[in-house]
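The values are calculated or read from the model by the stated rules, or taken from the named source; none is laboratory data. All figures in this text were calculated on a predicted structure; none of them were measured in a lab. Every residue, glycine as well, gets a Cβ built from its backbone with ideal geometry; the counts of neighbours run over all protein chains shown.
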Amino acid sequence: MTNITYRAVQVGDQLPKLAVDITAKLITATAIASRDYQNVHHDQDAARALGSPNIFMNILTTNGFVGRYVTDWTGALGVLKKVAIKLGAPNYPGDTMQMSGEVVAKNDVDQSVELKVIGTNDIGHHVVGEVVVVLP
Amino acid sequence: MIQKSNGLSDVECQEINLFEQELQSYIGSESGPFLSWDRVNRAMIRHWCEAMGDANPAYYHADAAAQLGAPQNAVVAPPTMMQSWTMTGFSGEHPPGSDTRESMPVMPIFDRQGYLAVVATNCEQEYLQPICEGDDINGRSSIESVSSQKTTGLGVGYFVTQLTEFRNQRDEVVGNMRFRILKYKPHSAVS
C-alpha cells in the first residue's frame, strides 16, 4: 500500500474508480458487522411489508465504504477527519455501486484535503459524500 | 402546524398538531451514556473489514497502527465504525450501566401513531482522535430537530435529526455524529 502525500495532491485530482457488487450476502454481512439488526437489511418479506422491493444496504455500511474508498487511495497514513454522507437511491441486491471521487480543496494549515465522493447505482446517486482526510 | 387542507377534518388537524407538539417537546433533552457491549477489539474490526473489503494495514497490524498513534500492540479501528461500538445488536438492549431511556425517545411515539418504517438519510461524522483496540466507547445523544410532516417518495413522515457525542474510557471525546432518519408510513407494501 503506497501512501499519497499532501504535496502530491492537486485540487481536481480524480480518485481511481471502484465498483462494488451489491449482493444479499454483502448487505446482510455488512449490516451484522456494523451491529445493525434492523429487519430491512436481512429479511426480504419485512422489507416488502415496509414498502421496499428488497433488502437494502444500511447507512453504516455506506459510510464504511466511503471511508474505505478514500483510505484505499491515501494509504494507511491517511487519517479520516470527517465523513458526511447523504443517501439517495437504495443499494439493492443485484446492483453495482460505482464509486468515484475528486479532490475539491486543500488546506495547508493541517495538510487536509477535502473530497467529494459519489456512489451511483442503476437508479441514480446512492450516496453523495464529503470527506476530509489528513495526509502525510 | 398542519393547515386545514388536503381533505383533513378539524379533529384530524388538531390531532396532528398535538402529535407534532409532543415531538417538539423532546428537542434538546440529552440521554446517555449508552455503553458498548465490547471494548474495541481486533475480531470485530476484522469482521467489518472482511465484509467491507477494507485491506488497510492499520486495521490489521499494530506496527502500521503505531504510525497513526495507536498504543503498543494495538490496531486502529476504522473511524467509520465509531457508531457500531455502542449499537444494541441482536438483543436490542444496551449493556448494563447504560441509560435505560430510549436513545431516540421519539421513536415509540412515532410507532404508536403508525409511523412504523424507518430509513436513514444522512450521517455526518467527525473524528477527533483515533479509536484503538482496547478503547471503551460510550455515546450521549440528543434530538436536534424534528421536521414538520413531509410527503416523500417513500411515504408520509418526519425527518428526525439526532446528535451523538462519543467518548472513550478516559472521558475524551473521540468523535461526534449528526444522524438523520425518516420515520414514515409507507405508501404501500410491495406484494
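Sort through B:D111, B:D171, B:D136 and tell me the only one that's more than 22 Å from A:K82 (Cα to Cα) and not β-branched (V, I, T). Before you say what the answer is, go through the steps one by one.
Numbers: B:D171 fails: more than 22 Å from A:K82 (Cα to Cα); B:D136 fails: more than 22 Å from A:K82 (Cα to Cα).
So the residue among B:D111, B:D171, B:D136 that is more than 22 Å from A:K82 (Cα to Cα) and not β-branched (V, I, T) is B:D111.
Checking the structure you have, find out if any residue of the range A:89-104 is without any contact (Cβ under 8 Å) to a residue 60 or more places away in the chain, crowded, with 17+ Cβ neighbours inside 10 Å and under 15 Å from the mean Cα position of the chain (by Cα).
Looking for residues that are without any contact (Cβ under 8 Å) to a residue 60 or more places away in the chain, crowded, with 17+ Cβ neighbours inside 10 Å and under 15 Å from the mean Cα position of the chain (by Cα), one finds at least one in the range A:89-104, hence yes.
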Do you know which of the residues in the range B:13-63 that are over 19 Å from B:P130 (Cα atoms) and polar (S, T, N, Q) is nearest to the other protein chains (Cβ to nearest Cβ)?
B:S31
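Look through the range A:41-54, keep the residues that are more than 7 Å from chain B (Cβ to nearest Cβ) and modelled with pLDDT under 95, and return whichever of them is surrounded by the fewest Cβ atoms within 10 Å (Cβ to Cβ).
A:A46
Name the residue, out of A:I32, A:I4, A:I27, that is surrounded by 18 or more Cβ atoms within 10 Å (Cβ to Cβ) and under 19 Å from A:A76 (Cα atoms). Walk me through how you get there before you give the answer.
Values: A:I32 fails: under 19 Å from A:A76 (Cα atoms); A:I27 fails: under 19 Å from A:A76 (Cα atoms).
Testing whether each residue is surrounded by 18 or more Cβ atoms within 10 Å (Cβ to Cβ) and under 19 Å from A:A76 (Cα atoms) leaves just A:I4.
Do we have B:G134 as in contact with a Phe, Trp or Tyr (Cβ under 6 Å, 6 or more places away or on another chain) and of a type outside the set (A, V, I, L, M) here? Even if it seems obvious, please write down each step before you answer.
Details: in contact with a Phe, Trp or Tyr (Cβ under 6 Å, 6 or more places away or on another chain): no; of a type outside the set (A, V, I, L, M): yes.
Judged against the criteria, B:G134 is not a match.
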Identify all residues within the range A:62-88 that are crowded, with 23+ Cβ neighbours inside 10 Å and either among the charged types (D, E, K, R) or free of Cβ contacts under 8 Å to residues at least 12 places away in the same chain (or both); write none if there are none.
A:R68
Which condition breaks for B:I2 when tested against (1) at pLDDT 90 or above; (2) in contact with a Cys (Cβ under 6 Å, 6 or more places away or on another chain)?
(1)
Where the second residue is of a type outside the set (K, R) and the first is at positive phi and lies in the range A:5-28, which pairs have Cβ atoms under 8 Å and are six or more apart or on separate chains?
A:G12/A:E102; A:G12/A:V103
Of all helices (runs of 4 or more DSSP H) fully inside the range B:1-66, the set with 2 or more residues that are within 23 Å of A:T28 (Cβ to Cβ) is B:42-52
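Each row is one residue, and each column tells you yes or no for (1) closer than 27 Å to B:L23 by Cα; (2) touching a Phe, Trp or Tyr at 6+ places or on another chain (Cβ under 9 Å); (3) surrounded by fewer than 16 Cβ atoms within 10 Å (Cβ to Cβ).
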site: B:P79; (1), (2), (3): no, yes, no
site: B:G92; (1), (2), (3): yes, yes, yes
site: B:D111; (1), (2), (3): yes, no, yes
site: B:V119; (1), (2), (3): yes, yes, no
site: B:N122; (1), (2), (3): yes, yes, no
site: B:Y127; (1), (2), (3): no, no, no
site: B:T164; (1), (2), (3): yes, yes, no
site: B:K183; (1), (2), (3): yes, yes, no
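Give me the residue from the range A:60-81 that is β-branched (V, I, T) and within 28 Å of A:Y37 (Cβ to Cβ) and, out of that set, nearest to the other protein chains (Cβ to nearest Cβ). First the steps, then the outcome.
Within the range A:60-81, the first condition is being β-branched (V, I, T), and the residues that meet it are A:61-62, A:66, A:70-71, A:74, A:79.
Now restrict to residues that are within 28 Å of A:Y37 (Cβ to Cβ): A:61-62, A:66, A:70-71.
Numbers: A:T61: 7, A:T62: 8, A:V66: 7, A:V70: 10, A:T71: 5 Å.
My answer is A:T71.
Is it the case, given these coordinates, that A:M57 is over 26 Å from B:L116 (Cα atoms) and more than 9 Å from chain B (Cβ to nearest Cβ)? Lay out the reasoning, then the answer.
Working: over 26 Å from B:L116 (Cα atoms): no; more than 9 Å from chain B (Cβ to nearest Cβ): yes.
The answer is no for A:M57.
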Hits in the range B:96-126 (condition: touching a Leu at 6+ places or on another chain (Cβ under 9 Å) and within 12 Å of chain A (Cβ to nearest Cβ)):
B:L116, B:A117, B:V118, B:V119, B:A120, B:T121, B:N122, B:C123, B:Q125
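Hey, does the range B:121-133 have a residue that's within 12 Å of B:F34 (Cα to Cα) and more than 13 Å from the chain's Cα centre (by Cα)?
As a first pass, look at the range B:121-133 and keep what is within 12 Å of B:F34 (Cα to Cα): none.
The answer is no; no qualifying residue exists.
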